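Structure first, commentary second.
The values are calculated or read from the model by the stated rules, or taken from the named source; none is laboratory data. This one's a predicted model, so the numbers in the text were calculated from it and none came from an experiment. In this analysis, Cβ positions are derived from the backbone assuming ideal geometry, glycine residues included, and neighbour counts consider all displayed protein chains.
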Amino acid sequence: MNRMHLKIGGALILAVIFGQATATDASHATTPQRMPDSYAHAAKLIDLGHGRHLNLRCSGDGPQTVMLEAGAIADSSTWFKVQPLLSAHTRVCAYDRAGLGFSSEGPLPRDLDADVSDLHALIQRGGLTTPLVMVGHSLGSNIVRLYASRYPTDVSAMVLLDPPAQAIGRFAPGWQKDEDTLSVQRFAFLRRCEAAAEKHELPSTDPALSQCLGEADPLASANLNRVNLALMSKPAYWHTVLSVLRNNVEVFKQPVSKQETHGSTPLIVLSAANTYADALPRDRKGLEEARAHTQAQIVATSSRGTLVHVPDTSHDIQIDRPDVVAKAVMRALGIAQHTPK
């Protein structure tokens, strides 16, 4: 349910605005060019207790498992091109975080602590064999890093897709000032969508509220788009979106912690070429500097950190170049297999 995105702009929801570049398949597996209809229903609902469940999608076989962590308010379908490439070689799983896709709403706030707690419960209750190779896109890279800090023995390697810039105000103060102003309008709009969902008024023909659900995904079938529309019309979805995006404001205003360390855990950061292609000319240099600084700091948290620049890609590398993502993950798997325990 990724391409039915909110039409409200800004970096806070960058993780759900997906590019449409055609992927180059460099493996023997087939890369889907349209989202399979299997995403129109839940895969395996893992009981977390207290009446909650998370939707887990696993495929493939192998001695090690890869866990895919989506961006901010994206769900497991963001990996529809990457997962089949990896499942041809190993076991790979993706899931819907609380309140998204087919997963139950979780307790608020939906911050990094909540996400890491849920992920740990999912791994335990889902019977996933650790250590895992963990792959995170955008905000998912923050979740993966925090998880690896708290449960280092659960993680054999990390692959992070275009980790977002942190402490942007230091590098692009004009952008940050504008963003703070826009955030007031953005959250007012989101609250109107939330109120409409609570009154069961979505989808709506009201001109203002019609913006809440965005447009249909051109890469999904009519049936899958109908399912996504229904899921995004639920109050749980809007409670989650508001909480996640409020938390993102705080997460990305902070620099990478100087205390963050991942020892010698293999860590690969894939950096997109055109993340800020649409930014104002006055802001782009500062935004690029902020992201480069952030990603360099993340790479330095491991003695086996590597930065890989991926040409001709938007922020959504997993959509534009799933082959590059798959190669990086397989590389991380190989390194992990030869790392002494």
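Descriptive notes on the structure:
Yes/no matrix, rows are residues, columns are (1) touching a Ser or Thr at 6+ places or on another chain (Cβ under 7 Å); (2) in contact (Cβ under 8 Å) with a residue 24 or more places away in the chain; (3) over 15 Å from Thr31 (Cβ atoms):
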site	(1), (2), (3)
Val66	yes, yes, yes
Ala72	yes, yes, yes
Thr78	no, yes, no
Lys81	yes, yes, no
His89	no, yes, no
Tyr95	yes, yes, yes
Phe102	no, yes, yes
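- Single residue of the stretch 85-97 satisfying the filter (among the hydrophobic types (A, V, I, L, M, F, W, C) and surrounded by 24 or more Cβ atoms within 10 Å (Cβ to Cβ)) that is nearest to Gly140 (Cα to Cα): Ala94
- Taking the criterion of being in contact with a Lys or Arg (Cβ under 6 Å, 6 or more places away or on another chain) and either among the hydroxyl-bearing types (Ser, Thr, Tyr) or closer than 29 Å to Arg52 by Cβ (or both), the residues of the stretch 198-246 that qualify are Gly214, Asp217, Thr240, Ser243, Val244.
- Options Ala272, Ala279, Ala290; residue that is among the small types (Gly, Ala, Ser) and within 30 Å of Pro32 (Cβ to Cβ): Ala272
- Listing of helices (runs of 4 or more DSSP H) fully contained in the stretch 169-261 that carry 2 or more residues being within 20 Å of the chain's Cα centre (by Cα) and closer than 23 Å to Leu280 by Cβ: 235-253
- Output for the stretch 144-160, where each listed residue is in a helix (DSSP H, G or I) and surrounded by fewer than 24 Cβ atoms within 10 Å (Cβ to Cβ): Leu146, Ser149, Arg150, Pro152, Thr153, Asp154
- Among the residues of the stretch 206-250, the ones that are in contact with a helix residue (DSSP H, G or I) (Cβ under 8 Å, 6 or more places away or on another chain), of a type in the set (A, V, I, L, M, F, W, C) and surrounded by fewer than 16 Cβ atoms within 10 Å (Cβ to Cβ) come to 2 in all.
- Looking only at residues in the stretch 307-341 that are more than 20 Å from the chain's Cα centre (by Cα) and among the β-branched types (Val, Ile, Thr), the one that is nearest to Pro84 (Cα to Cα) is Ile335.
- Counting only residues that are out of contact with any Lys or Arg (no Cβ under 9 Å at 6 or more places or on another chain) and either under 20 Å from Ser77 (Cα atoms) or not hydroxyl-bearing (Ser, Thr, Tyr) (or both), the stretch 141-151 holds 7 of them.
- For the stretch 105-125, a residue qualifies if it is buried (at least 19 other Cβ atoms within 10 Å of the Cβ), in contact with a strand residue (DSSP E or B) (Cβ under 8 Å, 6 or more places away or on another chain) and not aliphatic (A, V, I, L, M), and the qualifying residues are Gly106, Asp118.
- Any hit, the stretch 278-290, residues being closer than 15 Å to Ile73 by Cα, buried (at least 18 other Cβ atoms within 10 Å of the Cβ), under 20 Å from the mean Cα position of the chain (by Cα) and at pLDDT 95 or above: no
- The single condition among (1) hydroxyl-bearing (Ser, Thr, Tyr); (2) under 25 Å from Lys177 (Cα atoms); (3) in contact (Cβ under 8 Å) with a residue 24 or more places away in the chain that Tyr276 does not meet is (3).
- When the stretch 291-305 is filtered for residues that are in contact (Cβ under 8 Å) with a residue 40 or more places away in the chain, surrounded by fewer than 19 Cβ atoms within 10 Å (Cβ to Cβ) and either in contact with a Pro (Cβ under 8 Å, 6 or more places away or on another chain) or in a helix (DSSP H, G or I) (or both), the ones remaining, listed by number, are His293, Gln297, Arg304.
- Taking the numbered list (1) within 24 Å of Glu288 (Cβ to Cβ); (2) without any contact (Cβ under 8 Å) to a residue 24 or more places away in the chain in turn, Leu161 passes all entries but (2).
- Matching residues in the stretch 116-127 - criterion: being in contact (Cβ under 8 Å) with a residue 12 or more places away in the chain and either farther than 21 Å from Ala98 by Cα or out of contact with any helix residue (DSSP H, G or I) (no Cβ under 8 Å at 6 or more places or on another chain) (or both): Asp118, Ala121, Leu122, Arg125, Gly126
- In a residue-by-residue description of the stretch 304-313, the property of being over 30 Å from Pro173 (Cα atoms) and of a type outside the set (A, V, I, L, M) applies to at least one position.
- Verdict on Gly136 being touching a helix residue (DSSP H, G or I) at 6+ places or on another chain (Cβ under 9 Å), part of a loop (DSSP other than H, G, I, E, B) and crowded, with 17+ Cβ neighbours inside 10 Å: no
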